[in-house]
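Undergrad: First, the structure itself, so that you have it in front of you.
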Amino acid sequence: MEKIVALLSDYGLKDHYVGTVHAVIKSADPEIRIVDITHNVRPFDVVDGAVKLKWSYKYFPLGTVFLALVDPNPEAELVIVSTEKYFVVCPNNGIVSLMTEEEPIESVYIIDADHYFLDGKGNFRGRNQLAPIAAELSRLQNPSHFGTKVEKNRLKLFKLPPSVKVADNVVETIVLDIDSFGNVILNLSVDKPVKSVEVNGKKINKFLTSFSGVQKGELFVSVNPEGYLQIVAYMASAASLLGVKRGQKVRVEF
């Protein structure tokens with residue numbers, strides 16, 4: 001089995017942080033393959049990190065160790081979360097919430113094997129504490145080497161607001177994410193076309209399965225690669241055109 005550590009963080013790419021996390025993992029085991037999911041999670045934004053983890057984990061092979069380095073609370077416990085197929089090494093802050101709705105939790109370990117740490121003082125926990133644990137876990141595939149098993153309810157989890165039926169064939173949902181293209185992604189998984197989407201008093205009636213034949217700046221509704229409804233402006237930012245922000249309510253008519 002290939003050893004893979006998949007990184008997700010809010011570190012950005014301007015500074016040296018991501019590179020040194022890579023270095024720590026490779027120093028522990030040069031054969032580990034490192035995959036960067038993204039380092040552009042909104043700073044300190046656990047919900048954004050949880051969304052990115054949910055939308056990426058299922059494409060990785062069995063035994064992948066996800067190293068999720070969004071850490072707004074320096075007091076949060078450091079944990080290993082195991083599922084049937086994967087491991088997540090992260091602070092106990094809810095970042096696994098959306099992934100584990102689909103990939104049930106098998107076990108939770110509080111990391112206490114501090115002899116693996118580069119620095120036990122808590123300075124840059126992602127690199128100095130969690131990275132070496134993730135590297136060794138990718139090799140051993142057994143979290144019991146790194147901590148104390150605790151009840152699953154010790155893990156902090158959150159739920160996103162569900163879609164609500166507000167009229168016949170109409171539901172109200174929220175903006176889940178705005179991607180780097182300005183596409184407005186809704187917290188609504190769909191498998192069929194919709195009649196319209198309304199936000200900020202603007203109703204978009206066009207539903208398309210491809211971008212062909214669309215004019216630059218034209219607004220339409222489609223489904224993103226992960227099966228979620230999205231509002232798109234071809235070659236432009238739908239979020240900017242509509243003045244939309246994450247968490248905002250949206251009405252969808254089927």
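Nothing in this text is a laboratory measurement; each read-out follows from the coordinates by a stated rule. On a predicted model such as this, the values are computed, not experimentally measured, just so you know. Cβ atoms come from the backbone with ideal geometry, glycine included; neighbour counts cover every protein chain shown.
Undergrad: Using only alpha-carbon positions, what ratio does the radius of gyration of the chain give when scaled by 2.2 N^0.38 Å?
TA: Working: Rg = 20.1 Å, N = 254, 2.2 N^0.38 = 18.0 Å.
Cα Rg divided by the expected 2.2 N^0.38 Å: 1.11.
Undergrad: Whole-Hz Karplus ³J(HN,Hα) for the stretch 81-96, in order, using 6.51 cos²θ - 1.76 cosθ + 1.60 and θ = phi - 60°, x for Gly and Pro?
TA: 10, 10, 10, 4, 10, 9, 10, 10, 9, 6, x, 7, 9, x, 5, 8
Undergrad: Still on this structure: For the chain, set up a GNM with springs between Cα atoms under 10 Å and report which of V170, V41, V21 has the largest fluctuation.
TA: Of V170, V41, V21, the Gaussian network model singles out V170 as fluctuating most.
Undergrad: Further question: Can you work out ³J(HN,Hα) from phi for every residue in the stretch 141-147, in order, using Karplus 6.51 cos²θ - 1.76 cosθ + 1.60 and θ = phi - 60°, giving whole Hz and x for Gly and Pro?
TA: 6, 8, x, 5, 6, 10, x
Undergrad: Debye sum, Cα scatterers, the stretch 4-154, no solvent: what log₁₀ I/I(0) at q = 0.08, 0.16, 0.17, 0.21 1/Å?
TA: At q = 0.08, 0.16, 0.17, 0.21 Å⁻¹ the computed log10 ratios are -0.18, -0.77, -0.89, -1.51.
Undergrad: Next question. Using a 10 Å Cβ count of at most 15 others and DSSP loop calls, identify the longest part of the chain lacking such GluC sites (Glu not before Pro).
TA: Working: sites that count: E2, E31, E75, E84, E151, E226.
So the longest stretch without any such site is 152-225.
Undergrad: Which values of log₁₀ I(q)/I(0), to two decimal places, follow from the Debye formula for the stretch 164-253 at q = 0.19 Å⁻¹ with a uniform point scatterer at every Cα?
TA: Here the Debye-derived log intensity ratios amount to -0.78.
Undergrad: Here is a follow-up. Rounded to the nearest 10 degrees, what's the angle between the helix 17-28 long axis and the longest principal axis of the chain, both from Cα atoms, 0 to 90?
TA: Between helix and principal axis, roughly 40 degrees.
Undergrad: GNM, the chain, Cα, under 10 Å: largest mean-square fluctuation among V51, V81, V214?
TA: Result for the chain, Cα springs under 10 Å: V214 fluctuates most.
Undergrad: May I pose another question? Under 25 Å between alpha carbons: how many lysine pairs meet that in the stretch 19-174, if sequence neighbours fewer than 8 apart on the same chain are excluded?
TA: Count of close lysine pairs: 26.
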